[in-house]
Amino acid sequence: MNYDWSFARLAPYWKAFAAGTMVTLELTAIVILVGTLLGVSLGFIATRRVGKVVSYPIIDILRALPPLVLILFMYYLLTRQVIGVTVPAFWVAAAAMSLNLAAFTADLVRSAIENVPHGVVEAGRALGMSGRQLTIHIVMPHIARELMPAMTALYIGMLKVSSLASVINVREVVYTAQTVIADISRSLEAWIVVGLIYVVLVVPSTYALRKLERWNNQTRPGQEHA
Amino acid sequence: MPDWDIEVFTANDIHKSFVGVSVLRGISFSLHQHEILGVIGPSGGGKTTLLKCLNGLELIDRGAIRYWNGFILGGDGSKSGNVAKRTKEDSLLTVRRQVGFVFQGYNLWEEKTVLQNLTLAPIVVLGQRRDVVTERAQDLCGRFGLGHKLNSGVWRLSGGQKQRVAIVRALMMEPKVLLLDEITSALDPVLTFDVMQIVRDLQATGLAMVLVTHHIEFASSVCDRIMFVSEGQAIQVDSPQNLRANPVSEDVRHFMEILSSAR
């Protein structure tokens, strides 16, 4: 071992890393927002007899595609040659990741809706609630509660998947590291910094997730007590 | 005392079947103002389905139910055009709002608090103001011994408390009639007594009720009439005394004997 560690050489690039981190967070936030909305809608559609025909193939294909493949495919699809305008790489990555998240969300939402206990819905119907009122006031709160832990895990996963956006030159953390390395040839140090950034972002979220799960288990039925 | 001249609803020859199995085969009867009608009979005889049809949870295939407010749920199945369908859907919801239903298994929204369980439907369905509804919930909970449980999660309650919440939830809609489906069958004797007491309290307010039960002593003491339902038909509708003294068939006599000796 006579590698000459030198983190000092990275110091001047702290602003670049900070900017990269911001891009990573922005990308993830947009994906969470769009992907969830899209996924929940798809999930509801997938519980309808007619909707199944359309949404099942979409969900299955999107789930089958590796996020990296989806990003590359969309990158070359959303170009001037194909659609007439060039979409900025950031938005291409956001779109591809949103579709990925939406597919997994839709599947969770569909199965959660199909597993809402019959009596829960029947009680609302017996009180004269319309289908719309049942969905908004009974079904939605029920599945939101049911899916919270699984969705949080998916969101944390998206934060990590966002690193793939570097392949189409989105200036997030990984891309930043690659440019810095090209500049000063300190790969090990740069990747350690990247690793640390992800650890700092993800580990607190994981703790929050565990807390959420514990709260979720304590404040709902399942553990019947005498 | 029931007012025999005023009908809350009249069921006329109602039929209902599920995937080819006929559950109700032409039941006709009336419920009168302030009346408590007991429904007894063997399991699988169509008692729960009957109640669900009366509330509009299940749609009848044939026959008609005529309600006090002029609404009619009919099994003629006319589905001509969207307008007709719309009206049908609207009157269905109206019936459900005014015909309270209490389920055997409570069917409470376990993840909501007692107060949320009670106030959701009046606010959402009836469009009533939250403060008005909350006050009514506090009132009713006080009356039924739930005053201190308003903000508890329902999942924390005992079976007896849950059934009381379920009854109060139905009362919150200020129904014209209450349908009670074996509301004591999941409870131990002490809690059963507890819930029976509530039915007696409600009787004193003059609320009309249909009470499906296996507790013949209880039914005899609170009900004005008892209907014996078996294989989807009303075999006998009579006063509790007459049902015992003059059963119309061997089936009724036998069933009454078993229920009575089981006590």
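The values are calculated or read from the model by the stated rules, or taken from the named source; none is laboratory data. Here the structure is a predicted model, which is why all the values come from computation and not from measurement. Neighbour counts are summed over all protein chains in view; Cβ atoms, including those assigned to glycine, are modelled from backbone coordinates with ideal geometry. Surface accessibility is based on the protein's heavy atoms, side chains included, excluding ligands, DNA and RNA. Shrake-Rupley method; radii C 1.70, N 1.55, O 1.52, S 1.80 Å.
Computed quantities for the displayed model
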quantity: Residue-count net charge about A:Val92 - beta-carbon cut-off 14 Å; Lys, Arg +1, Asp, Glu -1; calculated: +1
quantity: Where N is the number of residues in the range A:28-170, Cα Rg divided by 2.2 N^0.38 Å; calculated: 1.20
quantity: Spacing of the two label points (7 Å from each Cα toward its C-beta) at B:Ile72 and B:Asp251, in nm; calculated: 2.9
quantity: Size-normalised alpha-carbon gyration radius of the protein assembly as shown, reference 2.2 N^0.38 Å; calculated: 1.33
quantity: Difference of contour (0.36 nm per residue) and Cα-Cα distance, A:Tyr56 to A:Ala153; calculated: 32.6 nm
quantity: Cα long-axis angle, helix A:89-114 against chain A (0 to 90 degrees, to the nearest 10); calculated: 30
quantity: Spin-label zone in the range A:74-118 - amide nitrogen under 14 Å from a point set 7 Å from the Cα of A:Leu65 along the C-beta vector; calculated: A:74-79, A:92-104
quantity: Accessible surface, per residue, of the protein assembly as shown when the full set of protein chains is kept, probe 1.4 Å, Å²; calculated: 49
quantity: Long-range tail of P(r) for chain B (Cα pairs > 29 Å, %); calculated: 32
quantity: Under the Karplus curve 6.51 cos²θ - 1.76 cosθ + 1.60, θ = phi - 60°, whole-Hz ³J(HN,Hα) for the range B:95-105, x wherever Gly or Pro sits; calculated: 4, 4, 5, 9, 10, x, 10, 10, 8, 4, x
quantity: Of B:Lys47/B:Lys176; B:Lys88/B:Lys162; B:Lys149/B:Lys176; B:Lys112/B:Lys162; A:Lys52/B:Lys16; B:Lys47/B:Lys112, those spanning more than 22 Å from alpha-carbon to alpha-carbon; calculated: B:Lys88/B:Lys162; B:Lys149/B:Lys176; A:Lys52/B:Lys16; B:Lys47/B:Lys112
quantity: Gain on full stretching of the segment that runs from A:Ser187 to A:Ala144 - 0.36 nm per residue minus C-alpha separation; calculated: 11.2 nm
quantity: Buried area at the B-A interface (accessible, heavy atoms, 1.4 Å probe, summed, Å²); calculated: 2100
quantity: B:Val132-A:Ser205 FRET efficiency (beta carbon distance; Förster radius 25 Å; 0.05 resolution); calculated: 0.05
quantity: Rough spin-label spacing in nm, given labels placed 7 Å along Cα→Cβ, for B:Ser17 and A:Ser41; calculated: 4.4
quantity: Sequence of A:Trp14, B:Trp109, B:Trp68, B:Trp4 from largest to smallest accessible area, 1.4 Å probe; calculated: A:Trp14, B:Trp4, B:Trp68, B:Trp109
quantity: Pair A:Leu25, B:Glu231: separation of 7 Å Cα→Cβ label points (nm); calculated: 7.4
quantity: Chain B - percent of accessible surface contributed by carbon and sulfur, probe 1.4 Å; calculated: 49
